[in-house]
Amino acid sequence: MSVEALHKVVLYPFITESIASLKAMTNLSGTAGEAFVDQVGDFRFKGYAVCSDVTGSLDGVIMMHHYPETAIAIGNSVCENLFGENYAYDEINEELSHALAEWGNTIVGRSTDLHSRYSLDYDFSAPYFVQDMDDMEKYLEDVKEIITVPIAVEGVGRYYFNLLIRNVNSQNVGIKREQSQGIVNAHTKALPKDSKVLLVDDSSMIRKAIKRYLAELGYNNVIEADDGLSAVEIVKNEAPDFMFMDVVMGEMNGDQALTAIREMGSEIPVVMLSSVTDKTLVDQCEAQGVSGFIFKPIQADSGAEIISDYLRIA
């Protein structure tokens, strides 16, 4: 495939979703430059990258690639937008790592979900993060071509999308971006303020943010879990009244936990959280009985309002 075709088919959803998520999660504006071919021998690691392996008819790695200073600026902005406070970290610490992971996971999750809706002969791995320059050598092994698209972030700097190609044998398939929306809780009775709310997400940053939004709304009896397996045990032993649960987590995903919760007879109202908008997944969860889906990202200026729309029971 030509550079133009690979750009349109493989990179385009990542680029457009990253620019949209940049605006939604940081209030920063990004503009994509022209795609070009990088020389493999001259390719250098810039310091921070979110990666996803591509397998099948396209074998390689897609990489969202930052200079550290760009990653720091974006991470600070993600925190500011999520919590409504000023952040001025000057290095990638634990909190910024969580923020950048949430941003990267949202972009890769939505982009790969969009790819999956078409009859394409390649798949993407879950996103992972590279911060060690020594790790870069293994990603460049057997790479024959690198396609790069720069993204200029107004007032900040640049990040890059790199498609590291080992082998490609793919047909040209047009892809157009779709806008994701949440599925609102249709119930009408407000959840009592003294209810015990279980919040399940493997991102401590998302739990922290949603807990703040709940507190703004007067819900302070909040318990937390970071994976589906723990959530099942908490529902069994502590009988919460309502829960918000992420879909993609370690140990046990939210859709699997939902199945287990229903199988043990619990009718607890559940609102799912996800950056992936796959209709099959949504239908499966709805069949198990959920009170709606919130499609990430969410942020400080609208977070409490969004959450309040879901705090209803039959």
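The values are calculated or read from the model by the stated rules, or taken from the named source; none is laboratory data. From a predicted model like this one, the values you see are computed outputs, not experimental measurements. Virtual Cβ from ideal backbone geometry, glycine too; neighbours counted across all protein chains shown.
A few points about this structure:
- Number of positions in the stretch 13-30 that are out of contact with any strand residue (DSSP E or B) (no Cβ under 8 Å at 6 or more places or on another chain) and among the aliphatic types (A, V, I, L, M): 3
- Residue list for the stretch 87-109, restricted to those being part of a helix (DSSP H, G or I) and more than 15 Å from residue 47 (Cβ to Cβ): 94, 95, 98, 99, 101, 102, 103, 105, 106, 107, 108, 109
- Selection of the stretch 268-290 for residues being touching a Lys or Arg at 6+ places or on another chain (Cβ under 7 Å) and either farther than 22 Å from residue 21 by Cα or free of Cβ contacts under 8 Å to residues at least 12 places away in the same chain (or both) yields 288, 289.
- Residue check, residue 214 in contact (Cβ under 8 Å) with a residue 60 or more places away in the chain, surrounded by 15 or more Cβ atoms within 10 Å (Cβ to Cβ) and either touching a Phe, Trp or Tyr at 6+ places or on another chain (Cβ under 7 Å) or assigned to a strand (DSSP E or B) (or both): no
- Only listed residue being surrounded by fewer than 18 Cβ atoms within 10 Å (Cβ to Cβ), out of contact with any Cys (no Cβ under 6 Å at 6 or more places or on another chain), closer than 21 Å to residue 204 by Cα and modelled with pLDDT under 95, chosen from 251, 233: 251
- Taken as a whole, the structure leaves residue 155 outside the set of residues that are at pLDDT 95 or above and either assigned to a loop (DSSP other than H, G, I, E, B) or under 18 Å from residue 299 (Cα atoms) (or both).
- Total residues in the stretch 263-293, condition over 13 Å from residue 248 (Cα atoms) and under 15 Å from the mean Cα position of the chain (by Cα): 1
- Elements of the type helices (runs of 4 or more DSSP H) sitting completely within the stretch 234-314 and holding at least 2 residues that are among the aliphatic types (A, V, I, L, M) and within 23 Å of residue 218 (Cβ to Cβ): these cover 300-308.
- Given (1) within 27 Å of residue 80 (Cβ to Cβ); (2) free of Cβ contacts under 8 Å to residues at least 60 places away in the same chain; (3) of a type outside the set (A, V, I, L, M, F, W, C), number of the condition residue 254 does not satisfy: (1)
- Residue selected from the stretch 41-69 under the condition among the charged types (D, E, K, R) and part of a loop (DSSP other than H, G, I, E, B), by the criterion farthest from residue 144 (Cα to Cα): 46
- Selection count where residues are modelled with pLDDT of 95 or more, out of contact with any Asp or Glu (no Cβ under 6 Å at 6 or more places or on another chain) and surrounded by fewer than 20 Cβ atoms within 10 Å (Cβ to Cβ), scope the stretch 179-210: 3
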